[in-house]
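Asks: Below is a structure I'd like to ask you about.
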Amino acid sequence: MTLGDCKVNPLVCNGGMNKDKPFKMFVGYDQREDIAYEVCRHSILKRSSIPVEIIPLKQSDLRKEGLYWRERGQLESTEFSFTRFLTPYLANYEGWAVFVDCDFLYLADIKELRDLVDEKYAVMCVQHDYTPKETTKMDGALQTVYPRKNWSSMVLYNCEHPKNRVLTPEVVNTQTGAFLHRFQWLEDEEIGSIPFVWNFLEGHNQVVEGNPRTFPKAIHYTRGGPWFEAWKNCEFADLWLNEMETYLQETKKKVEN
């Protein structure tokens, strides 16, 4: 399926709460993190008890389709720094859809996340208070600090909410990073909160022994994951590497068959 299918056929990307339709998840894609995308995708599908459709947000495809023409800024650490905000548009402003960075590893059933949706909100996310200590991340990209950092890294979008109609390709291509990443098209009361375990920041959030409410449901390797040499020994690296091995073994079997 191409990203254009979302606009051509409204039924393809209707991510509403009709339980018979797949839950739509748009995953940020960066050429230098292809394996991170594949492992993230695998971790979602492996544990999901509901139909899920995962759509990679590839900047090159969006440019070809005339939906993205913004020049890349010096502070953009990934190819999806701004394309993420096209999610409601690509979902035809219908139903609910998720955007998530590719550097996530899901450890729980995505149905649990879907069941958190509340129609009174325009978006829902983990509302982190996060100030990174490092000056670089990933493969040497500049680490930036700004209000509401990481809120936009995993978002449940109520695509039908009238306020999200603001997120047109024109706006996504021209508005400032502050306007978009801080959700400045919304009032504070229109931003719902979900438990931090759904965007558990490696190196920041902590598991409290004996408290299952602190156990991660989705680990976010926001500083950089073990697919980067500099972060091969990061916290929870073993979980990601195990998932990668499972993904590679399953892929090899499919090829052989």
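Asks: So, of the residues in the stretch 223-233 that are farther than 18 Å from ILE44 by Cβ and either among the β-branched types (Val, Ile, Thr) or part of a loop (DSSP other than H, G, I, E, B) (or both), which turns out to be least open to solvent (accessible area, probe 1.4 Å)?
Replies: Once the filter is applied, the top-ranked residue is GLY224.
One line per residue, one yes/no per condition, for (1) of a type outside the set (D, E, K, R); (2) modelled with pLDDT of 95 or more; (3) open to solvent by less than 90 Å² (accessible area, probe 1.4 Å):
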{"position": "PRO216", "(1), (2), (3)": "yes, yes, yes"}
{"position": "GLU235", "(1), (2), (3)": "no, yes, yes"}
{"position": "LEU239", "(1), (2), (3)": "yes, yes, yes"}
{"position": "LYS253", "(1), (2), (3)": "no, no, no"}
{"position": "ASN257", "(1), (2), (3)": "yes, no, no"}
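Asks: If we keep just the residues of the stretch 181-195 that are out of contact with any strand residue (DSSP E or B) (no Cβ under 9 Å at 6 or more places or on another chain) and crowded, with 18+ Cβ neighbours inside 10 Å, which is farthest from ASN158 (Cα to Cα)?
Replies: Residue satisfying both the conditions and the ranking: HIS181.
Asks: Quick one: is PHE228 farther than 22 Å from VAL98 by Cα and over 17 Å from the mean Cα position of the chain (by Cα)?
Replies: Against the criterion (farther than 22 Å from VAL98 by Cα and over 17 Å from the mean Cα position of the chain (by Cα)), PHE228 qualifies.
Asks: I would also like to ask the following. Show the residue pairs meeting these rules: Cβ distance below 8 Å; 6+ apart or different chains; first residue within the stretch 194-211 and outside any loop (DSSP other than H, G, I, E, B); second residue open to solvent by 70 Å² or more (accessible area, probe 1.4 Å) and not aliphatic (A, V, I, L, M).
Replies: If the second residue must be open to solvent by 70 Å² or more (accessible area, probe 1.4 Å) and not aliphatic (A, V, I, L, M), the pairs left are VAL197/ARG213; VAL197/PHE215.
Asks: Would you please name the residue that is surrounded by the most Cβ atoms within 10 Å (Cβ to Cβ), looking only at residues in the stretch 28-77 that are in a loop (DSSP other than H, G, I, E, B) and of a type in the set (Lys, Arg)?
Replies: The selected residue is LYS58.
The values are calculated or read from the model by the stated rules, or taken from the named source; none is laboratory data. This is a predicted model, so every value here is computed, not measured. Note that we place each Cβ from the backbone using ideal geometry, even for glycine, and neighbour counts take in every protein chain shown. Only protein heavy atoms, including side chains, enter the accessible area calculation; ligands, DNA and RNA are left aside. Shrake-Rupley method; radii C 1.70, N 1.55, O 1.52, S 1.80 Å.
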